[in-house]
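The block underneath contains the structure these notes are about, expressed in structure tokens.
The values are calculated or read from the model by the stated rules, or taken from the named source; none is laboratory data. Remember, predicted model here, so these are calculated numbers, not experimental data. Positions of Cβ are backbone-derived with ideal geometry, glycine not excepted, and every protein chain shown enters the neighbour counts.
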Amino acid sequence: MPKTTQRKKKCAICGETSSQPYVRLPQRHGSPDLDTRPPADVRFTIDTWVQTCPSCGYCFLDIAKRAPEAESTIRSEAYLKQLESQEFSKLANHFLCWSAIEENAGNFSGSGWACIHAAWICDDAADFKKLYGNVSGSKMGDRDEGAAASLCRLKAIRLLKTAREEGQGFGAQPGAEEALMADLLRRISRFGSAATMVQCGLDLNPTGVIDTVLHYEKELAARGDTDVHTISEAIKWKAEQTGPPEERGKQTTSEAE
Ligand SMILES: [Zn+2]
């Protein structure tokens, strides 16, 4: 595990100085998930991806930087409620507050991504619970982490839809945004909407891994699968579908007969 260090940061909102966690991101080993969630060695540094001012509750990528409208956002009832919400873990709350800061600043794409990160925290807590139960002193309590993850994904879908309407792209290649949206929809059992989103992505003539992921999402949605899957699983699945070139040739001949 990479070593986390502390850095002093002066809050751009209230002016208080606090120690914030910092880590040099390790190299990735293994495949990311279909929603780009990185493998464990990178993912477990997620507590350093958001900073929170202990004095005023400002949550941002870098609290020394002021986001537009941040002062009014952090004083709003909705923000204060989110910061202390019992429905989510403390860290998930920090990401959801960061999302609110981005949303009110008009950055819907960044806001949506902050919700996706919050969902990953809930996913890992749910897996931890599944593996070890409610470990005493872990503060896991009886919170339904699966339900919390679904709420984060629902919020991410809404925000990313707005991002698209506002012309704020969040995918680098044609079909990438649709692949991400399809995964978010499938993970919360919206299989019909996920299939429609896949088709929108395929209509953009995606290439390479994006094309593979879209077809895999279509298959998973048809199966009613809500589980997490990796990009390498998608690539393996595609290879199994097509088979070696000579096998494909035979199949075509037999189909013709
Ligand atoms: Zn502050």
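Things worth noting here:
- Residue in the stretch 139-150 that is on the phi < 0 side of the Ramachandran plot, at pLDDT 95 or above and buried (at least 20 other Cβ atoms within 10 Å of the Cβ) present: yes
- Checked against the criteria, Ile13 counts as farther than 30 Å from Glu217 by Cα, over 24 Å from the mean Cα position of the chain (by Cα) and surrounded by 15 or more Cβ atoms within 10 Å (Cβ to Cβ).
- Any hit, the stretch 45-52, residues being at pLDDT below 95, closer than 19 Å to Leu91 by Cβ and surrounded by fewer than 15 Cβ atoms within 10 Å (Cβ to Cβ): yes
- Only helices (runs of 4 or more DSSP H) whose full extent lies in the stretch 73-190 are considered here, and the ones with at least 3 residues that are in the same structural domain as Arg37 (by TED's automatic domain parsing) and either touching a Lys or Arg at 6+ places or on another chain (Cβ under 7 Å) or closer than 23 Å to Pro39 by Cα (or both) are 90-104, 108-132, 145-165.
- Pick from the stretch 19-51, criterion in contact (Cβ under 8 Å) with a residue 40 or more places away in the chain and hydroxyl-bearing (Ser, Thr, Tyr), ranking: farthest from the ligand (Cβ to nearest atom): Ser31
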